[in-house]
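First the structure, in the form of structure tokens, and then the observations on it.
The values are calculated or read from the model by the stated rules, or taken from the named source; none is laboratory data. Predicted model, so just to flag it, every value in this text is computed and none were measured. Virtual Cβ from ideal backbone geometry, glycine too; neighbours counted across all protein chains shown.
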Amino acid sequence: MLTDRRPILLANARLIDPSRDLDGIGDVLIADGVIRDARRGIGAAGVPEGTDIVNCAGMIVAPGLVDMRAFVGEPGANHRETFASASRAAAAGGITTIICQPDTSPAIDNSATVDFVLRRARDTAIVNIHPMAALTKGLRGEEMTEIGLLKAAGAVAFTDGDHSVMNAMLMRRALTYARDFDALIVHYTEDPHLVGEGVMNEGEFASRLGLTGIPSAAEAMVLERDMRLVALTGGRYHAASITCAESIEILKRARDAGLRVSASASINHLTLNENDIGPYRSYLKLSPPLRTEDDRKALVAAVASGLIDVVMSDHNPQDVETKRLPFAEAEAGAIGLETMLVAGLRLVHAGELDYTTLIRAMSTRPAELLGLPGGSLRAGAVADVIVIDSDTPWVLDPAELQSQCKNTPFDEARFTGRVARTIVGGRTVFEHV
């Protein structure tokens with residue numbers, strides 16, 4: 001759905017705006033693509049003629065979500081996902097801004113490819129799409145890209161996707177150059193040599209399944225090295241996907257030392273653990289792998305405290321032919337654009353997080369880190385807004401998902417709460433009926 005931009009009044013809603021620490025009853029008036037006001041009593045005072053008045057009946061109105069880590073197949077892997085299909089999935093999940101990864105074909109490692117992504121997304125997508133650019137040319141970890149030119153072209157951050165830069169000198173130079181441009185380095189921390197042939201978390205459960213494990217040290221060692229490089233350079237650094245308690249301790253020490261570091265955790269690692277793999281469920285083969293329940297609880301506590309800044313989808317569509325294989329042979333990855341928020345609501349309903357903390361981690365904080373508009377219901381902010389029906393129970397049917405691939409770890413999962421409406425730039429792009 002893509003409607004016109006006539007004024008919209010979201011009336012009688014529960015407003016949750018982490019940018020103002022606001023959680024209360026009120027209305028939101030949207031006109032000309034921006035939020036005109038968000039407070040109690042707007043509707044009673046009168047609204048412009050022709051305004052579309054939506055009675056939210058106590059449903060939650062919040063800033064649209066900013067997904068900081070998602071793979072979109074364009075260019076080169078359109079069979080997995082396109083900007084059009086990803087944006088439809090995002091809108092259905094309450095995501096108004098997608099940050100796409102550079103591990104495409106060709107990689108997003110030059111200004112022309114950044115320009116292609118921005119143009120293609122503008123022409124075909126119904127949500128905002130911004131690219132991260134490659135940190136090294138061809139994602140090979142050998143030669144740094146032109147950070148200044150790529151940032152000027154529109155790249156919002158720099159990463160090698162799911163590749164770790166193992167050359168410490170190269171990483172030091174990248175952090176130094178990025179510092180001079182105030183650019184954010186987003187690094188996937190996993191030592192490929194320690195990963196080896198591993199396919200799931202190393203431990204008793206992997207041994208019982210007869211599968212080769214991946215130790216959490218593979219993540220923690222690279223993160224520890226990176227923290228020392230940040231201390232040397234003073235660069236801005238973001239850990240792409242934290243999964244274990246060891247990494248949280250490293251991150252806390254870096255924060256306490258005043259380093260400019262932040263981190264994300266995926267919704268999968270916050271709501272699932274290695275035991276959910278059960279009888280070799282290949283749709284739960286992820287990279288990095290699902291960890292223990294103790295690790296999951298530590299991640300949730302770190303989000304609650306603000307130590308982990310961002311919750312992201314880690315959307316990674318895979319063909320059914322690459323997922324319906326023996327666990328060790330299946331490709332890693334899961335789709336997540338449509339389930340990021342609803343899975344997060346599980347944490348709220350379980351009392352592990354509150355709504356404000358969840359929305360801050362999925363909207364306000366990623367917008368701040370990337371210097372993007374959004375993440376707020378303040379007057380004058382861009383009108384990227386979602387309405388959440390937080391109480392309706394439903395069961396996920398993969399066939400109804402908007403993504404081109406259906407490799408969801410939440411196949412037939414029961415959820416409570418879903419997105420009722422998604423507004424991007426003042427236009428309604430999704431409405432649940």
Subject >> Residue ranges of helices (runs of 4 or more DSSP H) in region 139-232 with at least 3 members under 27 Å from Phe116 (Cβ atoms) and in contact (Cβ under 8 Å) with a residue 12 or more places away in the chain >> reply: 147-153, 168-180
Original post:
Has region 374-395 got any residue that is under 18 Å from the mean Cα position of the chain (by Cα), among the hydrophobic types (A, V, I, L, M, F, W, C) and over 22 Å from Gly24 (Cβ atoms)?
Top reply: no
Subject >> Failed condition for Leu341, given (1) more than 29 Å from Tyr283 (Cβ to Cβ); (2) within 16 Å of the chain's Cα centre (by Cα) >> reply: (1)
Original post:
Of all the residues that make up region 241-271, how many are over 20 Å from His163 (Cα atoms), touching a Phe, Trp or Tyr at 6+ places or on another chain (Cβ under 8 Å) and buried (at least 22 other Cβ atoms within 10 Å of the Cβ)?
Top reply: 0
**OP:** Name the residue, out of Thr422, Thr356, Thr364, Thr416, that is at pLDDT 95 or above, of a type in the set (Ser, Thr, Tyr) and within 16 Å of the chain's Cα centre (by Cα).
**Re:** Thr364
**OP:** Scan the strands (runs of 3 or more DSSP E) fully inside region 1-91 and keep the ones with 2 or more residues being modelled with pLDDT of 95 or more and surrounded by 19 or more Cβ atoms within 10 Å (Cβ to Cβ).
**Re:** 8-17, 22-31, 34-39, 60-63, 65-70
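Do you know which residues across region 47-80 are in contact with a strand residue (DSSP E or B) (Cβ under 8 Å, 6 or more places away or on another chain) and closer than 21 Å to Ala332 by Cβ? Working first, answer last.
Going through region 47-80, the residues in contact with a strand residue (DSSP E or B) (Cβ under 8 Å, 6 or more places away or on another chain) turn out to be 47-48, 51-72.
Hits for region 47-80 are Asp67, Met68, Arg69, Ala70, Phe71, Val72.
Given the structure, is Asp276 modelled with pLDDT under 95, more than 17 Å from Glu224 (Cβ to Cβ) and among the acidic types (Asp, Glu)?
Taking the combined requirement at face value, the residue does not satisfy it.
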Subject >> Residues that are of a type outside the set (Asp, Glu), part of a helix (DSSP H, G or I) and more than 25 Å from Ala399 (Cβ to Cβ), drawn from region 92-122 >> reply: Ser111, Ala112, Thr113, Val114, Phe116, Val117, Leu118, Arg119, Arg120, Ala121, Arg122
**OP:** Looking for whichever is touching an Asp or Glu at 6+ places or on another chain (Cβ under 7 Å), of a type in the set (A, V, I, L, M, F, W, C) and touching a residue at least 12 places away in the same chain (Cβ under 8 Å) here; the options are Ile35, Ile16, Ile126. Which one fits?
**Re:** Ile16
